[in-house]
Every structure is written in structure tokens, then in C-alpha cells.
1. Given labels modelled 7 Å from the Cα in the Cβ direction, how far is it in nm from Val89 to Leu73?
2. Using a cut-off of 12 Å between beta-carbons, work out the net charge of the residues near Ser97 (Lys and Arg +1, Asp and Glu -1, Ser97 not included).
3. Using a Förster radius of 41 Å, what is the FRET efficiency between Gln58 and Gln103 based on their Cβ-Cβ separation? Nearest 0.05, please.
4. Taking N as the number of residues in the range 49-105, what value does Rg over Cα atoms divided by 2.2 N^0.38 Å take?
5. Excluding same-chain residues fewer than 8 positions from Lys82, which aspartates and glutamates have a Cα within less than 19 Å of its Cα?
6. With a sphere of radius 13 Å drawn around the Cβ of His77, what net charge do the other residues whose Cβ falls strictly inside it have (Lys, Arg +1; Asp, Glu -1)?
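A short reminder: the numbers here are calculations on the coordinates, not readings from a lab. What you see is a predicted model; the values in this text were computed from it and never measured. Virtual Cβ from ideal backbone geometry, glycine too; neighbours counted across all protein chains shown.
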Amino acid sequence: MRVLIALFGPYNPAALTAHVSVFSHDFKRDALLEESAQKMDALHHARVARARAKEACQHAGHAGPSTEEDETLKYEHALWEKAHTGLTVARTVLEESEDAERQRGLSQ
């Protein structure tokens, strides 16, 4: 019975084609790129808002918001930027690899 499941079940190697796998990876990679871009944008807006609030407080003679939070936002933005850059590089490498495979006739 186990042999039949292995040969005809959802894990059948013939059922898991490379073509579907490439699209799945493309979708996941693109979703991660979009998420990282959204996070960077949101963090940029948060940093701008904090800078404006800090200026307003200084003009009013009050102590501005903590710089620790500013540094945390800056650090988090840098992390997402690094992730976005890495994903972009990975996308380029994978696209070039797929093109090379296609040229050799291995990929459909």
C-alpha cells in the first residue's frame, strides 16, 4: 500500500514539475519583495513623522521624543532594506539561471 501512495500520491516526483516549482518560487519571492518594500515605506513614514514631532516639541520648548526609538526605527529600516536588496539579488540570479537553463533546453 505504501508503494502505491508513493507512486501515485501527492508526492509523486512526476507530479511535482520544475515548471510549477519555478512559478511557486517566483510568487513567494515577489511576495517577500513586496512585503519588504511596504515595511521600508512604513518605517520611512514613521521616521518622518517622528522627526516632525521632534521639531514641533523643540519649537514649543519641550523635550523631543526619545532618540532610542528613532535609532530603533532606523535600524529596523536598515534591516528591511538589506532583506530587500538580498531578495532583489536573488531574483536576478535565479532569473539568469532560468534563462541559462532555457537556452540549454532544460527548462520548459
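1. According to this spin-label approximation, the distance is 2.8 nm.
2. Details: positive: Arg91, Arg102, Arg104; negative: Glu95, Glu96, Glu98, Asp99, Glu101.
For residues surrounding Ser97, the net value is -2.
3. Once rounded, the FRET efficiency stands at 0.10.
4. Ratio of Rg to 2.2 N^0.38 Å for the range 49-105: 2.10.
5. Excluding near neighbours in sequence, the set is Asp30, Glu34, Glu35, Asp41, Asp70, Glu71.
6. On the way: positive: Lys39, Arg47, Arg50, Lys74, Lys82; negative: Asp41, Glu69, Asp70, Glu71, Glu76, Glu81.
Combined, the nearby Lys, Arg, Asp and Glu give -1.
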